[in-house]
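S.K.: Here it is, the structure in full.
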Amino acid sequence: MGILSGLYSSSVGKKILMGTTGLFLCIYLVVHLAGNLLLFKNDNGESFNAYAELLPSLTIIRIIEIVLFAIFAGHIVLGTIFWTSNRKKRPKKYEVNKQSENSSIFSRTMFLTGSIVFIFLVVHMRQFWGPSRFATGEVSMYHLVKTAFANPLYAMFYIIAMALLAFHLRHGFQSALQTFGVSNQKYALMVKVLGIIFWLVIPAGFAAMPLFFLLNS
Ligand code: HEM
């Protein structure tokens, strides 16, 4: 039996896969945010366009992209399996059910927030990733981003999606670290600081982009 199918067949293994894929996606978010910060450079999009043109031209980026999509797909499928099996295990209505006392709103809404972030991703890929990879002729990605976010509806959709991403990461990041045993007293401060970076600073950094273009349109 391969390592992956071995992990998949036990519930602890599924949690490990869920945590590993989630942490990889967190790393991707850091890299993606760092690149996108070029949008704020006051050079009429020159640096951002150079960066966005460089990405599809590199074979290594194409390979990383395939791995990234596989990790996204794995995380989504596992999340759905987790959610459905937890639903089946949930106590019936007539039994004492005090979920709110045992778990936070963040953990109880993981499937909902994850699903909305997934819808966001579909819209996002169609809007930005598609043209950046498949458009024929010259495309200014900076112009594409700027005009997309000048639309208040589109900008609001992004900002709300980032708030839900924050909700998702608020529980997800800590839960993944817990799965790997990084939650004891010794690491408490580090986990707290990293947690805040992932659930607050990163989504806020992404949300600042639509807000910036909306206010400057
Ligand atoms: C509001 C902030 C965001 C902006 C302006 C933005 C912009 C872009 C652009 C221009 C691309 C195509 C070029 C490239 O590959 O870098 C892209 C790709 C992508 N974005 Fe975003 N993005 C934002 C937030 C996010 C968030 C929050 C996620 C994940 C939850 C995400 C996930 C992706 C993925 C998976 C791709 C395709 C993979 C890749 O090739 O990099 N993006 N984004």
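The values are calculated or read from the model by the stated rules, or taken from the named source; none is laboratory data. This is a predicted model, so every value here is computed, not measured. Backbone-built Cβ (ideal geometry, glycine too); neighbour counts: all protein chains shown.
S.K.: Can you tell me which residue among 40, 69 is over 23 Å from residue 176 (Cα atoms) and among the aromatic types (Phe, Trp, Tyr)?
M.R.: On the way: 69 fails: over 23 Å from residue 176 (Cα atoms).
Of 40, 69, the one residue that is over 23 Å from residue 176 (Cα atoms) and among the aromatic types (Phe, Trp, Tyr) is 40.
S.K.: Moving on. With a cut-off of at least 2 residues that are in contact with a Leu (Cβ under 8 Å, 6 or more places away or on another chain), name the helices (runs of 4 or more DSSP H) lying wholly within the stretch 105-181. Even if it seems obvious, please write down each step before you answer.
M.R.: Numbers: elements: 105-108, 110-124, 130-134, 141-150, 152-179.
Qualifying helices (runs of 4 or more DSSP H): 110-124, 130-134, 141-150, 152-179.
S.K.: Can you find even one residue in the stretch 80-95 that is touching a His at 6+ places or on another chain (Cβ under 8 Å) and aromatic (Phe, Trp, Tyr)? Write out each step before concluding.
M.R.: Filtering the stretch 80-95 down to residues touching a His at 6+ places or on another chain (Cβ under 8 Å) leaves none.
The answer is no, given that none of the residues of the stretch 80-95 is touching a His at 6+ places or on another chain (Cβ under 8 Å) and aromatic (Phe, Trp, Tyr).
S.K.: Additional query: Can you tell me which residue is nearest to the ligand (Cβ to nearest atom) among those in the stretch 205-217 that are among the aliphatic types (A, V, I, L, M) and surrounded by 14 or more Cβ atoms within 10 Å (Cβ to Cβ)? Quick ask: steps written out before the conclusion?
M.R.: Keep residues of the stretch 205-217 that are among the aliphatic types (A, V, I, L, M), which gives 207-209, 211, 214-215.
Of the ones still in play, those that are also surrounded by 14 or more Cβ atoms within 10 Å (Cβ to Cβ) are 207-209, 211, 214.
Numbers: 207: 7, 208: 8, 209: 4, 211: 9, 214: 11 Å.
Among those residues, the one meeting the criterion is 209.
S.K.: Quick test of your reading of the structure: residue 148 fulfils all but one of (1) touching a Phe, Trp or Tyr at 6+ places or on another chain (Cβ under 7 Å); (2) among the small types (Gly, Ala, Ser); (3) over 20 Å from residue 47 (Cβ atoms). Name the failing condition by number.
M.R.: That leaves (3) as the condition not met.
S.K.: What's the total number of residues in the stretch 153-188 that are within 15 Å of the ligand (Cβ to nearest atom) and either closer than 18 Å to residue 111 by Cβ or among the hydroxyl-bearing types (Ser, Thr, Tyr) (or both)?
M.R.: Matching residues across the stretch 153-188 total 14.
S.K.: In the stretch 163-176, which residues are of a type in the set (A, V, I, L, M, F, W, C) and touching a residue at least 60 places away in the same chain (Cβ under 8 Å)?
M.R.: Residues satisfying the conditions are 167, 169, 173, 176.
S.K.: Looking at (1) over 22 Å from the mean Cα position of the chain (by Cα); (2) within 12 Å of the ligand (Cβ to nearest atom); (3) not charged (D, E, K, R), which one does residue 6 not meet, given that it meets all the others?
M.R.: Status for residue 6: all satisfied but (2).
S.K.: Then there's this: Does residue 130 meet the test of being within 15 Å of the ligand (Cβ to nearest atom) and more than 21 Å from residue 172 (Cβ to Cβ)?
M.R.: It is true that residue 130 is within 15 Å of the ligand (Cβ to nearest atom) and more than 21 Å from residue 172 (Cβ to Cβ).
S.K.: Moving to a separate point now. For the condition within 11 Å of the ligand (Cβ to nearest atom) and surrounded by fewer than 15 Cβ atoms within 10 Å (Cβ to Cβ), what is the one hit in 66, 60, 27? Spell out the reasoning first.
M.R.: On the way: 60 fails: within 11 Å of the ligand (Cβ to nearest atom); 27 fails: within 11 Å of the ligand (Cβ to nearest atom).
Just one listed residue meets the conditions, 66.
S.K.: Residue under question is residue 36, and the condition is that it be surrounded by 11 or more Cβ atoms within 10 Å (Cβ to Cβ), touching a residue at least 12 places away in the same chain (Cβ under 8 Å), within 11 Å of the ligand (Cβ to nearest atom) and over 19 Å from residue 169 (Cβ atoms); does it hold? Steps first, please.
M.R.: On the way: surrounded by 11 or more Cβ atoms within 10 Å (Cβ to Cβ): yes; touching a residue at least 12 places away in the same chain (Cβ under 8 Å): yes; within 11 Å of the ligand (Cβ to nearest atom): yes; over 19 Å from residue 169 (Cβ atoms): no.
No, not satisfied.
S.K.: Please list, ordered by first then second residue, the pairs with beta carbon atoms under 7 Å, 6 or more apart or interchain, first in the stretch 75-86 and at pLDDT below 90, second part of a helix (DSSP H, G or I).
M.R.: 82/14; 82/18
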